[in-house]
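FYI, it's all coordinate maths here, none of it is from the lab. Being a predicted model, the structure only gives us computed values, none of them experimental. Positions of Cβ are backbone-derived with ideal geometry, glycine not excepted, and every protein chain shown enters the neighbour counts.
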Amino acid sequence: MNSSKTIGIIGGGQLGQMMAISAIYMGHKVISLDPAADCPASKVSEVIVAPYHDVEALRQLAERCDVLTYEFENVDADALDAVIKEGQLPQGTDLLRISQNRIFEKDFLAKKAGVAVAPYKVVTSSLDLEHLDLSKRYVLKTATGGYDGHGQVVIQSATSVLQASKLANSAECVLEEFVTFDMEISVLVSGNGSAFTVFPVQENIHRNNILSKTIVPARISDELSQKAQAMALQIAEKLDLSGTLCVEMFVAGNDILVNEIAPRPHNSGHYSIEACNFSQFDTHILGVLGLPLPPIKLHAPAVMLNILGQHMEKAQTFVQENPSAHLHLYGKLEAKHNRKMGHVTLFADDAAEFGEGMDW
Ligand code: AMP
């Protein structure tokens, strides 16, 4: 039996690195494509050094690999379509196009997948912001190119309408009603094109719009958890999903609203490396190879803390004092402010403080 494949990963950051590690221990070979020769994936794979949209480099990757995948959604879908062979990108480029544009994404979620989202409308200029009912709050988001809160304006007064008007005149946008949520959660789901497996519900705590901490299982009722998992599965089925997808959601009372989807493993799922029988990276690799997927079991409640550039020293001290903490460092050379350098995962039993109190 020779089931060993060569897997090409577009993007050599920490997600690509952790995907590659899963692929390698399953016996596969990995080639990554990244503009930086010393990217995190370079520790564990060969790297084709080129910009992500470089068609010649993508062609080379496609020629040398059996299967292709990506670690982030801002990949040039047209360039990929031009180079891939039939069936070589199981996730497909449609999913890329949906997750690159908030208008396509919202329309897909609300109209095709049939899951609840915050009420929204497409905004093509500041004219669409006239006559807003300012007894409500809104969030204006650019349709493309936004991330971690960039390209967003919260509208709660006439002054913020002015600010939002500038954004609306500079780019196509989506206007969403502001959700007064009790909690932000995410659910990972993996597929192999026809069958799906779902992870436990993750509770996410952000600081300055960057994920700071994930607590699993999320501290919500079983009923809400099941609802969130069912919604993630419904989305996966509509997509005939291959690989791992993360569904980010808001819990507001008894409602769950989907905020966005990421068609790849996600920072909020890193705990699964130690805390689940299979990690989000394992199921991603199994899924894109079209292999059977296992039911996911959580060994024990866990918490994951991100290590940003400014946390490096505190994190080192923390792991010295807490040897049961699982430390992951991605091998990035420069510890810049707010740059994701690594993470730590702890089981609840090993954490003196668990939940809100635990932080750098
Ligand atoms: P996003 O770029 O859509 O992931 O948004 C970044 C963050 O902004 C989310 O994690 C939420 O904390 C917040 N946010 C986004 N959309 C809304 C909304 N409609 N209502 C309230 N908060 C939101």
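Quick notes
- Within the range 252-265, the set of residues being of a type outside the set (A, V, I, L, M, F, W, C), in contact (Cβ under 8 Å) with a residue 40 or more places away in the chain and away from the ligand (no atom under 11 Å from the Cβ) comprises Gly253, Asp255, Pro263, Arg264, Pro265.
- Selected residue (only one of Asp128, Asp94 is buried (at least 16 other Cβ atoms within 10 Å of the Cβ), outside any loop (DSSP other than H, G, I, E, B) and of a type outside the set (S, T, N, Q)): Asp128
- Filtered residues of the range 104-123 (kept if surrounded by fewer than 18 Cβ atoms within 10 Å (Cβ to Cβ) and on the phi < 0 side of the Ramachandran plot): Phe104, Asp107, Ala110, Lys111, Lys112, Ala116, Pro119, Lys121, Val122
- Residue within the range 280-300 that is touching a strand residue (DSSP E or B) at 6+ places or on another chain (Cβ under 8 Å) and in a strand (DSSP E or B) present: yes
This table checks each residue for (1) within 27 Å of Ala325 (Cα to Cα); (2) aromatic (Phe, Trp, Tyr); (3) over 15 Å from the mean Cα position of the chain (by Cα); (4) not in a strand (DSSP E or B).
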| site | (1), (2), (3), (4) |
| --- | --- |
| Glu223 | no, no, yes, yes |
| Lys227 | no, no, yes, yes |
| Ala230 | no, no, yes, yes |
| Leu233 | no, no, yes, yes |
| Ala236 | no, no, no, yes |
| Leu245 | yes, no, no, no |
| Met249 | no, no, no, no |
| Asn259 | no, no, no, no |
| Arg264 | yes, no, no, yes |
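- Of everything listed in (1) in contact with a Leu (Cβ under 8 Å, 6 or more places away or on another chain); (2) within 16 Å of the ligand (Cβ to nearest atom); (3) not basic (Lys, Arg), the single unmet condition for Glu172 is (1).
- Scope the range 254-274; condition surrounded by 24 or more Cβ atoms within 10 Å (Cβ to Cβ) and of a type in the set (Gly, Ala, Ser); matching residues: Ser268, Gly269, Ser272
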